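Data block below; observations after.
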Amino acid sequence: MADGTTQTAVTQFFPGIGPIPYEGPESDNPLAFRHYDKDRVVLGKTMEEHLRPAICFWHTFCWDGFDIFGSGTFPRAWHEGDTPAAAAAKRRAAAFEFFTKMGTPYYCFHDVDVCEASPTPDELSANLAIAVDDLERHQERTGQKLLWGTANLFSHPRYAAGGLTNPDPDVTACALRQVRDCMNATQRLGGENYVLWGGREGYDTLLNTDLKRELDQFGRFLAMIVEHKHKIGFGGTILIEPKPHEPMYHQYDFDTATVYGFLKTYGLENEVQVNIEPNHATLAGHSFAHEVATANAFGIMGSIDINCGNYQNGWDTDQFNVDTRDITLAMYELIKGGGFKTGGFNFDAKVRRQSSDLEDLFYGHVGGLDALAKALLAVEALFAHDRIATNKAERYSGWTGDLGQFLLDETTSLDAAADRVMSDGINGQHSSGRQEYLENIVARSLD
Ligand code: XLS
Ligand code: NI
Ligand code: NI
(Lines give C-alpha, C1' and ligand atoms only; values in the text may rest on other atoms or scores of the structure.)
(Ligands and ions follow the chains in the order given, each with its own letter.)
Protein backbone atom coordinates (compact mmCIF):
# COMPACT_ATOMS: atom_id res chain seq x y z
CA MET A 1 0.00 0.00 0.00
CA ALA A 2 1.41 3.40 -0.97
CA ASP A 3 2.00 5.87 1.86
CA GLY A 4 -0.76 8.18 0.73
CA THR A 5 -3.33 5.36 0.81
CA THR A 6 -2.24 4.29 4.26
CA GLN A 7 -2.59 7.85 5.39
CA THR A 8 -6.13 8.09 3.96
CA ALA A 9 -7.12 4.80 5.59
CA VAL A 10 -5.82 5.98 8.96
CA THR A 11 -7.56 9.33 8.87
CA GLN A 12 -10.97 8.01 7.76
CA PHE A 13 -13.11 7.43 10.83
CA PHE A 14 -16.32 6.82 8.88
CA PRO A 15 -15.17 4.80 5.88
CA GLY A 16 -17.74 4.21 3.20
CA ILE A 17 -20.23 6.80 4.52
CA GLY A 18 -21.30 10.21 3.28
CA PRO A 19 -21.59 12.95 2.30
CA ILE A 20 -25.31 12.76 3.10
CA PRO A 21 -27.30 13.86 0.03
CA TYR A 22 -30.80 15.31 -0.21
CA GLU A 23 -32.94 12.81 -2.12
CA GLY A 24 -36.49 14.05 -1.44
CA PRO A 25 -39.52 12.62 0.40
CA GLU A 26 -39.77 9.50 -1.78
CA SER A 27 -36.26 8.29 -0.94
CA ASP A 28 -35.90 5.23 1.27
CA ASN A 29 -32.13 5.64 1.61
CA PRO A 30 -31.53 5.83 5.38
CA LEU A 31 -28.36 7.83 4.73
CA ALA A 32 -30.11 10.59 2.75
CA PHE A 33 -32.22 13.57 3.72
CA ARG A 34 -35.86 13.44 2.73
CA HIS A 35 -36.81 16.98 3.83
CA TYR A 36 -33.61 18.87 4.68
CA ASP A 37 -32.61 20.51 1.43
CA LYS A 38 -30.24 23.11 2.84
CA ASP A 39 -30.48 25.66 0.01
CA ARG A 40 -34.27 25.44 -0.39
CA VAL A 41 -35.84 28.82 0.35
CA VAL A 42 -38.65 28.75 2.90
CA LEU A 43 -40.30 31.96 4.16
CA GLY A 44 -37.56 34.12 2.67
CA LYS A 45 -34.47 32.25 3.92
CA THR A 46 -32.78 28.97 3.13
CA MET A 47 -33.44 26.00 5.37
CA GLU A 48 -29.85 26.17 6.55
CA GLU A 49 -30.22 29.87 7.43
CA HIS A 50 -33.38 29.21 9.43
CA LEU A 51 -32.21 26.11 11.27
CA ARG A 52 -28.47 26.88 11.68
CA PRO A 53 -27.90 23.21 12.66
CA ALA A 54 -25.03 22.28 14.94
CA ILE A 55 -23.57 18.97 16.10
CA CYS A 56 -22.26 18.61 19.64
CA PHE A 57 -18.97 17.05 20.67
CA TRP A 58 -20.01 15.49 23.97
CA HIS A 59 -22.69 12.93 23.13
CA THR A 60 -21.39 11.95 19.72
CA PHE A 61 -17.60 11.95 20.12
CA CYS A 62 -16.84 11.80 23.86
CA TRP A 63 -19.42 9.40 25.25
CA ASP A 64 -18.57 5.71 24.84
CA GLY A 65 -21.99 4.39 25.83
CA PHE A 66 -21.33 3.93 29.58
CA ASP A 67 -24.25 4.24 31.99
CA ILE A 68 -24.44 3.86 35.74
CA PHE A 69 -24.99 0.12 35.36
CA GLY A 70 -22.39 -0.70 32.75
CA SER A 71 -19.36 0.37 30.80
CA GLY A 72 -18.98 1.59 27.23
CA THR A 73 -20.64 -0.18 24.32
CA PHE A 74 -19.31 1.91 21.43
CA PRO A 75 -16.13 0.72 19.72
CA ARG A 76 -14.78 3.98 18.32
CA ALA A 77 -11.36 4.33 16.71
CA TRP A 78 -11.08 7.87 18.05
CA HIS A 79 -11.29 6.73 21.67
CA GLU A 80 -7.93 4.99 21.30
CA GLY A 81 -4.54 6.68 21.05
CA ASP A 82 -0.91 6.21 22.04
CA THR A 83 -1.38 8.99 24.56
CA PRO A 84 -4.47 10.79 25.93
CA ALA A 85 -3.43 13.83 23.85
CA ALA A 86 -3.27 11.70 20.69
CA ALA A 87 -6.74 10.29 21.39
CA ALA A 88 -8.09 13.83 21.84
CA ALA A 89 -6.58 14.83 18.49
CA LYS A 90 -8.27 11.83 16.85
CA ARG A 91 -11.57 12.78 18.47
CA ARG A 92 -11.33 16.27 16.95
CA ALA A 93 -10.44 14.86 13.53
CA ALA A 94 -13.31 12.34 13.66
CA ALA A 95 -15.74 15.06 14.68
CA PHE A 96 -14.83 17.29 11.73
CA GLU A 97 -15.09 14.35 9.35
CA PHE A 98 -18.59 13.67 10.67
CA PHE A 99 -19.65 17.36 10.51
CA THR A 100 -18.42 17.56 6.94
CA LYS A 101 -20.19 14.38 5.85
CA MET A 102 -23.42 15.56 7.48
CA GLY A 103 -23.13 18.85 5.58
CA THR A 104 -24.18 20.87 8.64
CA PRO A 105 -22.55 24.26 9.23
CA TYR A 106 -21.97 24.45 13.01
CA TYR A 107 -20.64 22.58 16.04
CA CYS A 108 -20.63 23.05 19.84
CA PHE A 109 -18.24 21.94 22.59
CA HIS A 110 -17.38 21.99 26.27
CA ASP A 111 -13.75 22.83 27.03
CA VAL A 112 -13.20 19.32 28.43
CA ASP A 113 -14.68 17.64 25.32
CA VAL A 114 -11.96 18.80 22.98
CA CYS A 115 -8.87 17.93 25.01
CA GLU A 116 -7.54 15.12 27.17
CA ALA A 117 -8.50 14.68 30.84
CA SER A 118 -6.92 17.57 32.77
CA PRO A 119 -7.01 17.17 36.56
CA THR A 120 -5.56 20.59 37.49
CA PRO A 121 -6.56 24.08 36.32
CA ASP A 122 -3.07 24.63 34.83
CA GLU A 123 -3.30 21.42 32.81
CA LEU A 124 -6.73 22.31 31.49
CA SER A 125 -5.62 25.80 30.40
CA ALA A 126 -2.58 24.36 28.61
CA ASN A 127 -4.43 21.46 26.97
CA LEU A 128 -7.31 23.67 25.86
CA ALA A 129 -4.88 26.08 24.21
CA ILE A 130 -3.42 23.23 22.14
CA ALA A 131 -6.90 21.94 21.27
CA VAL A 132 -8.05 25.40 20.17
CA ASP A 133 -5.10 25.71 17.76
CA ASP A 134 -6.15 22.38 16.26
CA LEU A 135 -9.86 23.30 16.13
CA GLU A 136 -8.93 26.49 14.32
CA ARG A 137 -7.04 24.47 11.69
CA HIS A 138 -9.97 22.09 11.29
CA GLN A 139 -12.37 25.04 10.91
CA GLU A 140 -10.18 26.63 8.25
CA ARG A 141 -9.84 23.34 6.42
CA THR A 142 -13.56 22.45 6.44
CA GLY A 143 -15.41 25.77 6.69
CA GLN A 144 -17.17 24.58 9.85
CA LYS A 145 -18.24 27.29 12.32
CA LEU A 146 -18.64 27.33 16.08
CA LEU A 147 -22.21 27.93 17.27
CA TRP A 148 -21.18 28.00 20.91
CA GLY A 149 -18.62 26.97 23.47
CA THR A 150 -19.16 26.27 27.17
CA ALA A 151 -17.05 25.45 30.21
CA ASN A 152 -17.87 22.15 31.89
CA LEU A 153 -18.36 23.11 35.54
CA PHE A 154 -20.00 19.85 36.57
CA SER A 155 -17.83 16.79 35.80
CA HIS A 156 -14.66 17.40 37.81
CA PRO A 157 -15.09 16.21 41.45
CA ARG A 158 -14.30 19.73 42.72
CA TYR A 159 -17.64 20.89 41.26
CA ALA A 160 -19.81 18.45 43.25
CA ALA A 161 -21.38 21.44 45.04
CA GLY A 162 -21.43 23.72 41.99
CA GLY A 163 -19.07 26.07 40.20
CA LEU A 164 -20.24 29.68 40.39
CA THR A 165 -22.47 28.90 43.40
CA ASN A 166 -20.00 26.76 45.33
CA PRO A 167 -19.75 27.31 49.12
CA ASP A 168 -15.94 27.42 48.73
CA PRO A 169 -14.36 30.39 46.90
CA ASP A 170 -11.34 28.22 45.92
CA VAL A 171 -13.68 26.14 43.75
CA THR A 172 -15.47 29.18 42.33
CA ALA A 173 -12.11 30.74 41.40
CA CYS A 174 -11.29 27.57 39.40
CA ALA A 175 -14.70 27.83 37.72
CA LEU A 176 -14.10 31.47 36.80
CA ARG A 177 -10.72 30.65 35.30
CA GLN A 178 -12.34 27.93 33.22
CA VAL A 179 -15.07 30.30 32.02
CA ARG A 180 -12.50 32.99 31.17
CA ASP A 181 -10.39 30.53 29.17
CA CYS A 182 -13.39 29.04 27.40
CA MET A 183 -14.88 32.44 26.53
CA ASN A 184 -11.56 33.52 25.07
CA ALA A 185 -11.35 30.25 23.12
CA THR A 186 -14.92 30.70 21.87
CA GLN A 187 -14.14 34.21 20.72
CA ARG A 188 -10.95 33.13 18.96
CA LEU A 189 -12.85 30.40 17.10
CA GLY A 190 -15.50 32.90 15.95
CA GLY A 191 -18.18 31.38 18.22
CA GLU A 192 -21.58 33.02 17.88
CA ASN A 193 -22.72 32.34 21.47
CA TYR A 194 -21.33 31.37 24.85
CA VAL A 195 -23.44 28.99 26.98
CA LEU A 196 -23.76 28.50 30.73
CA TRP A 197 -25.59 25.36 31.77
CA GLY A 198 -25.72 25.27 35.55
CA GLY A 199 -25.79 21.52 36.01
CA ARG A 200 -24.58 21.73 39.58
CA GLU A 201 -25.66 25.30 40.30
CA GLY A 202 -28.38 24.27 42.71
CA TYR A 203 -28.66 22.05 45.76
CA ASP A 204 -29.51 18.60 47.04
CA THR A 205 -30.64 19.68 50.51
CA LEU A 206 -31.37 23.03 52.12
CA LEU A 207 -29.88 21.62 55.33
CA ASN A 208 -26.40 22.46 53.99
CA THR A 209 -27.29 25.24 51.55
CA ASP A 210 -27.51 29.03 51.91
CA LEU A 211 -29.89 29.56 48.98
CA LYS A 212 -29.89 33.37 49.05
CA ARG A 213 -26.10 33.56 49.23
CA GLU A 214 -25.74 31.15 46.31
CA LEU A 215 -28.18 33.13 44.16
CA ASP A 216 -26.31 36.36 44.95
CA GLN A 217 -23.04 34.66 44.02
CA PHE A 218 -24.56 33.51 40.76
CA GLY A 219 -25.74 37.07 40.02
CA ARG A 220 -22.34 38.55 40.90
CA PHE A 221 -20.38 36.13 38.72
CA LEU A 222 -22.78 36.32 35.80
CA ALA A 223 -22.26 40.10 35.84
CA MET A 224 -18.49 39.47 35.88
CA ILE A 225 -18.82 37.19 32.85
CA VAL A 226 -20.90 39.79 30.98
CA GLU A 227 -18.30 42.42 31.84
CA HIS A 228 -15.58 40.16 30.41
CA LYS A 229 -17.59 39.69 27.22
CA HIS A 230 -17.55 43.46 26.69
CA LYS A 231 -13.92 43.78 27.74
CA ILE A 232 -12.72 41.30 25.10
CA GLY A 233 -15.21 42.54 22.51
CA PHE A 234 -16.93 39.18 22.11
CA GLY A 235 -19.76 39.84 19.67
CA GLY A 236 -21.75 36.68 20.49
CA THR A 237 -24.63 36.17 22.89
CA ILE A 238 -24.34 34.81 26.41
CA LEU A 239 -26.94 32.12 27.00
CA ILE A 240 -28.21 30.35 30.11
CA GLU A 241 -29.63 26.88 29.54
CA PRO A 242 -32.58 26.24 31.88
CA LYS A 243 -33.09 22.84 33.49
CA PRO A 244 -35.08 22.09 36.66
CA HIS A 245 -33.08 19.19 38.07
CA GLU A 246 -30.61 16.40 37.25
CA PRO A 247 -27.94 16.18 38.39
CA MET A 248 -29.04 18.33 41.37
CA TYR A 249 -32.32 17.83 43.15
CA HIS A 250 -33.09 21.52 42.54
CA GLN A 251 -31.34 23.72 39.95
CA TYR A 252 -31.48 27.51 40.07
CA ASP A 253 -32.07 27.89 36.31
CA PHE A 254 -35.31 25.92 36.63
CA ASP A 255 -37.05 27.10 33.44
CA THR A 256 -37.16 30.13 31.14
CA ALA A 257 -39.49 32.12 33.39
CA THR A 258 -37.28 31.49 36.43
CA VAL A 259 -34.17 32.50 34.47
CA TYR A 260 -35.89 35.72 33.39
CA GLY A 261 -36.81 36.54 37.00
CA PHE A 262 -33.19 35.89 37.99
CA LEU A 263 -31.82 38.08 35.18
CA LYS A 264 -34.24 40.90 36.11
CA THR A 265 -33.24 40.69 39.76
CA TYR A 266 -29.56 41.11 38.92
CA GLY A 267 -30.12 43.63 36.08
CA LEU A 268 -28.86 41.31 33.33
CA GLU A 269 -32.04 40.81 31.29
CA ASN A 270 -30.68 42.77 28.33
CA GLU A 271 -27.35 40.93 28.36
CA VAL A 272 -28.24 37.25 28.63
CA GLN A 273 -30.69 35.04 26.72
CA VAL A 274 -31.73 31.41 27.00
CA ASN A 275 -30.71 28.18 25.32
CA ILE A 276 -33.89 26.09 25.42
CA GLU A 277 -33.84 22.29 25.45
CA PRO A 278 -37.11 20.36 24.89
CA ASN A 279 -36.12 17.56 27.27
CA HIS A 280 -35.46 20.13 30.01
CA ALA A 281 -38.81 21.77 29.23
CA THR A 282 -40.67 18.52 29.82
CA LEU A 283 -38.71 17.89 33.04
CA ALA A 284 -39.99 21.29 34.22
CA GLY A 285 -43.57 20.32 33.37
CA HIS A 286 -43.69 22.47 30.21
CA SER A 287 -43.98 21.84 26.52
CA PHE A 288 -41.15 22.76 24.16
CA ALA A 289 -43.40 25.39 22.55
CA HIS A 290 -44.17 26.94 25.96
CA GLU A 291 -40.51 27.57 26.63
CA VAL A 292 -40.00 29.19 23.21
CA ALA A 293 -43.13 31.35 23.60
CA THR A 294 -42.03 32.42 27.10
CA ALA A 295 -38.55 33.34 25.86
CA ASN A 296 -40.09 35.37 23.03
CA ALA A 297 -42.44 37.11 25.47
CA PHE A 298 -39.49 38.29 27.57
CA GLY A 299 -37.21 39.02 24.60
CA ILE A 300 -34.62 36.41 25.62
CA MET A 301 -35.01 33.75 22.90
CA GLY A 302 -31.43 32.74 22.08
CA SER A 303 -30.81 29.20 20.87
CA ILE A 304 -32.15 25.64 21.10
CA ASP A 305 -30.59 22.33 22.12
CA ILE A 306 -32.85 20.06 20.11
CA ASN A 307 -33.72 16.68 21.61
CA CYS A 308 -36.56 15.05 23.52
CA GLY A 309 -37.13 12.82 26.50
CA ASN A 310 -38.88 9.54 26.85
CA TYR A 311 -42.54 10.14 27.62
CA GLN A 312 -42.60 7.29 30.14
CA ASN A 313 -39.91 8.43 32.56
CA GLY A 314 -38.61 11.57 34.19
CA TRP A 315 -35.01 11.59 32.99
CA ASP A 316 -33.00 13.73 30.63
CA THR A 317 -32.62 10.96 28.05
CA ASP A 318 -31.49 13.36 25.28
CA GLN A 319 -33.01 11.41 22.40
CA PHE A 320 -33.11 12.59 18.81
CA ASN A 321 -36.42 14.38 18.43
CA VAL A 322 -38.42 13.05 15.49
CA ASP A 323 -41.80 14.18 16.80
CA THR A 324 -42.59 16.56 13.94
CA ARG A 325 -45.87 17.72 15.45
CA ASP A 326 -44.28 18.76 18.73
CA ILE A 327 -41.44 20.48 16.89
CA THR A 328 -43.91 22.26 14.59
CA LEU A 329 -45.71 23.78 17.58
CA ALA A 330 -42.39 25.16 18.84
CA MET A 331 -41.16 26.11 15.35
CA TYR A 332 -44.32 28.14 14.82
CA GLU A 333 -43.54 30.17 17.96
CA LEU A 334 -39.87 30.48 17.01
CA ILE A 335 -40.52 31.77 13.49
CA LYS A 336 -43.34 34.06 14.72
CA GLY A 337 -40.81 35.58 17.08
CA GLY A 338 -38.44 36.30 14.18
CA GLY A 339 -36.38 33.08 14.31
CA PHE A 340 -32.77 32.73 15.37
CA LYS A 341 -30.33 35.62 15.36
CA THR A 342 -27.11 34.23 16.81
CA GLY A 343 -28.67 30.91 17.90
CA GLY A 344 -29.34 27.67 16.08
CA PHE A 345 -30.53 24.11 16.58
CA ASN A 346 -27.78 22.19 18.34
CA PHE A 347 -28.26 18.42 18.43
CA ASP A 348 -27.80 17.89 22.16
CA ALA A 349 -28.92 14.32 21.52
CA LYS A 350 -27.33 10.92 21.70
CA VAL A 351 -27.99 7.59 20.06
CA ARG A 352 -29.14 4.85 22.43
CA ARG A 353 -26.52 2.76 24.19
CA GLN A 354 -27.47 -0.25 22.07
CA SER A 355 -27.04 1.72 18.82
CA SER A 356 -23.36 0.96 18.58
CA ASP A 357 -22.64 1.11 14.84
CA LEU A 358 -21.04 4.14 13.20
CA GLU A 359 -24.08 4.37 10.90
CA ASP A 360 -26.29 4.89 13.96
CA LEU A 361 -24.65 8.28 14.56
CA PHE A 362 -25.70 9.31 11.05
CA TYR A 363 -29.22 7.87 11.37
CA GLY A 364 -29.77 9.90 14.54
CA HIS A 365 -28.65 13.20 13.04
CA VAL A 366 -30.27 12.63 9.63
CA GLY A 367 -33.64 11.86 11.24
CA GLY A 368 -33.32 14.75 13.68
CA LEU A 369 -32.49 17.25 10.95
CA ASP A 370 -35.21 15.93 8.66
CA ALA A 371 -37.72 16.40 11.49
CA LEU A 372 -36.65 20.05 11.86
CA ALA A 373 -36.93 20.59 8.10
CA LYS A 374 -40.35 18.97 7.97
CA ALA A 375 -41.53 21.19 10.84
CA LEU A 376 -40.21 24.25 9.01
CA LEU A 377 -42.18 23.26 5.92
CA ALA A 378 -45.25 22.74 8.10
CA VAL A 379 -44.83 26.27 9.47
CA GLU A 380 -44.57 27.58 5.91
CA ALA A 381 -47.88 25.85 5.16
CA LEU A 382 -49.44 27.26 8.34
CA PHE A 383 -48.31 30.77 7.44
CA ALA A 384 -49.90 30.53 3.97
CA HIS A 385 -53.33 31.23 5.51
CA ASP A 386 -52.38 31.88 9.10
CA ARG A 387 -55.62 30.72 10.68
CA ILE A 388 -53.90 30.37 14.04
CA ALA A 389 -53.09 34.09 13.92
CA THR A 390 -56.52 35.01 12.54
CA ASN A 391 -58.21 33.06 15.29
CA LYS A 392 -56.05 34.67 17.98
CA ALA A 393 -56.71 38.15 16.59
CA GLU A 394 -60.44 37.49 16.69
CA ARG A 395 -60.27 35.94 20.16
CA TYR A 396 -58.56 39.00 21.63
CA SER A 397 -60.28 41.61 19.46
CA GLY A 398 -62.27 43.01 22.39
CA TRP A 399 -59.06 44.42 23.83
CA THR A 400 -58.68 46.81 20.91
CA GLY A 401 -62.26 47.98 21.36
CA ASP A 402 -63.64 50.65 23.66
CA LEU A 403 -64.03 48.53 26.82
CA GLY A 404 -60.67 46.78 26.39
CA GLN A 405 -58.84 50.09 25.94
CA PHE A 406 -60.67 51.61 28.91
CA LEU A 407 -59.68 48.73 31.22
CA LEU A 408 -56.05 48.83 30.09
CA ASP A 409 -55.76 52.62 30.47
CA GLU A 410 -53.34 53.40 33.29
CA THR A 411 -55.73 55.97 34.76
CA THR A 412 -58.61 53.51 35.12
CA SER A 413 -59.19 52.51 38.76
CA LEU A 414 -60.58 49.24 40.04
CA ASP A 415 -63.80 51.09 41.03
CA ALA A 416 -64.16 52.60 37.55
CA ALA A 417 -63.60 49.19 35.93
CA ALA A 418 -66.19 47.54 38.17
CA ASP A 419 -68.71 50.35 37.57
CA ARG A 420 -68.59 49.77 33.81
CA VAL A 421 -70.29 46.40 34.34
CA MET A 422 -73.35 48.14 35.73
CA SER A 423 -73.34 51.23 33.50
CA ASP A 424 -72.94 49.19 30.29
CA GLY A 425 -75.07 46.25 31.37
CA ILE A 426 -72.16 43.84 30.78
CA ASN A 427 -72.65 40.10 31.33
CA GLY A 428 -69.50 38.42 30.00
CA GLN A 429 -70.14 35.27 27.95
CA HIS A 430 -67.74 32.47 27.07
CA SER A 431 -66.70 32.02 23.40
CA SER A 432 -65.23 28.81 22.04
CA GLY A 433 -61.44 28.44 22.16
CA ARG A 434 -61.68 26.12 19.11
CA GLN A 435 -58.81 23.93 20.24
CA GLU A 436 -59.72 20.91 18.11
CA TYR A 437 -60.23 23.08 15.00
CA LEU A 438 -56.74 24.52 15.55
CA GLU A 439 -55.14 21.15 16.26
CA ASN A 440 -56.57 19.86 12.99
CA ILE A 441 -54.99 22.77 11.15
CA VAL A 442 -51.60 21.83 12.57
CA ALA A 443 -52.19 18.17 11.66
CA ARG A 444 -53.05 19.17 8.10
CA SER A 445 -49.87 21.21 7.80
CA LEU A 446 -47.96 17.95 8.31
CA ASP A 447 -49.83 15.96 5.64
C1 XLS B 1 -27.37 18.75 30.08
C2 XLS B 1 -27.21 19.89 29.20
C3 XLS B 1 -25.80 20.07 28.64
C4 XLS B 1 -25.62 21.46 28.12
C5 XLS B 1 -24.21 21.87 27.94
O6 XLS B 1 -28.46 18.36 30.45
O7 XLS B 1 -28.15 19.81 28.17
O8 XLS B 1 -25.52 19.10 27.69
O9 XLS B 1 -26.29 21.62 26.91
O10 XLS B 1 -23.51 21.86 29.11
NI1 NI C 1 -28.19 21.04 26.46
NI1 NI D 1 -29.93 18.06 28.60
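Here residue 395 sits with roughly 140 square angstrom of accessible surface, probe radius 1.4 Å. Computed about its Cα centre, the charge dipole of the range 332-399 is approximately 300 debye, with only Lys, Arg, Asp and Glu carrying charge at their Cβ. Around the Cα centre of the chain, unit charges on the Cβ atoms of Lys, Arg, Asp and Glu (plus for the first two, minus for the last two) sum to a dipole of about 480 debye. About its Cα centre, the range 164-287 has a charge dipole of approximately 360 debye under the convention of +1 per Lys or Arg Cβ and -1 per Asp or Glu Cβ, with nothing else charged. Sequence-ordered 3J(HN,Hα) estimates for the range 220-234 from the Karplus curve with 6.51, -1.76 and 1.60 and θ = phi - 60° stand at 4, 6, 5, 4, 5, 5, 4, 4, 5, 3, 5, 4, 8, x, 5 Hz, glycine and proline given as x.
Packing, as the average of other Cβ atoms within 10 Å across residues, places the peptides 249-256, 65-72 in the order 249-256, 65-72, highest first. Among 342, 73, 328, the residue with the largest mean-square fluctuation in a Gaussian network model of the chain, with springs joining Cα atoms closer than 10 Å, is 73.
Express as a percent, rounded to the nearest 5, the fraction of DSSP beta bridges in the range 191-298 (both residues included) that run antiparallel. If I count the DSSP bridges inside the range 191-298, around 20 percent turn out antiparallel.
Since only 334, 375, 346 are under comparison, the one whose Cα sits farthest along the positive direction of the charge dipole of the range 333-381, derived from C-beta charges on Lys, Arg, Asp and Glu, is 334.
In a Gaussian network model over the chain where Cα atoms closer than 10 Å are linked, find which of 160, 89, 384 has the largest mean-square fluctuation. Sorting by GNM fluctuation, first place goes to 384. Against the longest principal axis of the chain, how steep is helix 288-298, in degrees 0 to 90 to the nearest 10, with axes from Cα atoms? Helix 288-298 sits roughly 70 degrees off the main axis of the chain. Projected onto the charge dipole of the range 1-117 (+1 at Lys/Arg Cβ, -1 at Asp/Glu Cβ, origin at the Cα centre), which of 79, 44, 16 gives the Cα projection farthest towards the positive end? The listed residue farthest towards the positive side: 44. Taking each DSSP H run with n ≥ 4 as -39500 (n - 2.57) and averaging over every residue of the chain yields -14500 deg cm²/dmol at 222 nm.
Build a GNM of the chain with springs between Cα atoms under 10 Å apart, and of 376, 361, 51 the one that fluctuates most is 361. For residue 426, the solvent-accessible surface with a 1.4 Å probe is about 60 Å², rounded to the nearest 10.
Put +1 on the Cβ of every Lys and Arg and -1 on every Asp and Glu Cβ in the range 237-328; which of 272, 299, 282 then has its Cα farthest towards the positive end of the dipole? Going by the Cα projections, it comes out as 299. In terms of the mean number of neighbouring beta-carbon atoms within 10 Å, the peptides 173-183, 18-28 order highest first as 173-183, 18-28.
The range 60-125 and the range 243-317 have Cα centres spaced 27 Å apart. Counting only protein heavy atoms and a probe of 1.4 Å, the accessible surface of the chain is 54% carbon and sulfur.
Taking θ as phi - 60° and the Karplus parameters 6.51, -1.76 and 1.60, the scalar couplings of the range 89-100 work out to 5, 5, 4, 5, 5, 4, 4, 5, 5, 5, 4, 5 Hz in sequence order, x denoting glycine and proline. Distant-in-sequence amide contacts of residue 54, defined by a placed amide H-H separation under 5 Å and a gap of 5 or more residues or a different chain, comprise 345, 346, 347.
Accessible surface of residue 327, taken over heavy atoms with a 1.4 Å probe and every protein chain present, rounds to 0 Å². Solvent-accessible surface of protein heavy atoms, probed at 1.4 angstrom with all chains present, puts 210, 326 in the order 210, 326, largest first.
Residues 37, 357, 316, ordered by accessible area of protein heavy atoms at a 1.4 angstrom probe radius and largest first, appear as 357, 37, 316. Here's how it looks for residue 303: its modeled amide H is under 5 Å from those of 274, 275, 276, which are all 5 or more places away or on a different chain. Solvent-accessible surface of the chain, averaged per residue with a 1.4 angstrom probe and all protein chains in place: 47 square angstrom.
Rank 108, 62, 308 by accessible area, highest first, at a 1.4 Å probe radius?
So the residues, ranked largest to smallest area, are 62, 308, 108.
Each DSSP beta bridge with both residues in the chain is either parallel or antiparallel, and the antiparallel ones are about 20%.
The angle between the Cα long axis of helix 169-188 and the main principal axis of the chain comes to about 90°, on a 0 to 90 degree scale.
The values are calculated or read from the model by the stated rules, or taken from the named source; none is laboratory data. Quick caveat, the model's predicted, so the values are computed rather than measured. No Cβ is skipped: glycine too gets one built from the backbone with ideal geometry, and neighbour counts run over all protein chains shown. With ligands, DNA and RNA removed, areas are computed over all heavy atoms of the protein, side chains included. Shrake-Rupley method; radii C 1.70, N 1.55, O 1.52, S 1.80 Å.
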